[in-house]
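Taken together, the values in this text are just the output of simple stated rules run on the coordinates, not laboratory data. A quick note: this is a predicted structure, and the numbers were derived from the prediction, not measured. Using ideal geometry, Cβ is built from the backbone for each residue, glycine included, and neighbour counts are taken over all protein chains shown.
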Amino acid sequence: MIHVNTIPVLACVLTCTAFLFNSSAEAQQYKTASDTTKLNKEYGQITLDIAKLNTKLIAEKNKTVDYQSKSSSTASEAVTSEQKSKDQAQTATDGSTTDTEKAVKDAKKANRDANDAKDAVKDEKDNQKKIGELTTQIDRKQKELADLDSQRAVIMGSLNPVIHAITDSVNHNP
């Protein structure tokens, strides 16, 4: 009997099923004049989605400046704290218990500042990742709009002969 690990197989099957369902749902085709209402509704929804994504993108880009300034300031604070801690530790080796306690306090502050600098760099990287994801989502939505535009053009192109026939019959009085 062949033993197959069912979890990876099940995960693969579910992923493929989701992909196929998603692609068929996204590939909505509007072909007739009666589909125009649905097309316009989807067009409006996608346009709204793009506007929301652009708002989020602007907010994330605005955060970038804050993260960059925080990264540079916390890095310089960490360096300053480290140097102060080293100086205090040098004094503590020759000094009293109070000097040693101050050296320990300065070392802890230097450690916190270094961790803050590391967190600021991580936040900045996460922010750049979010900006990239939002940009990708916006691009995908804009491609969907372009597809809907082409579908609308096809529908309008198929209606042109009917419109011309109607206007010709109205303009020609027998």
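Data for the structure
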item	result
Extension gain (nm, one decimal) between Ser69 and Ala153, 0.36 nm per residue minus Cα-Cα	25.4 nm
Estimated inter-spin distance, Lys129 and Lys61, nm [label 7 Å along Cα→Cβ]	2.2
Under-5 Å amide H pairs with Tyr30, H placed in peptide plane, nonlocal only	none
Cβ-derived FRET efficiency at R0 25 Å, Asn54 paired with Ala33, nearest 0.05	0.20
Around Asp49: net Lys/Arg minus Asp/Glu count, Cβ-Cβ under 11 Å	+2
Sequence-distant lysines (8 or more away, or on other chains) whose Cα lies within less than 21 Å of Lys130	Lys52, Lys56, Lys61, Lys63, Lys70, Lys118, Lys122, Lys141, Lys143
Estimated inter-spin distance, Thr136 and Thr98, nm [label 7 Å along Cα→Cβ]	5.9
In Hz, Karplus ³J(HN,Hα) per residue of the stretch 100-115 (6.51, -1.76, 1.60; θ = phi - 60°; x = Gly, Pro)	5, 4, 5, 5, 5, 4, 5, 5, 5, 5, 4, 5, 4, 5, 5, 5
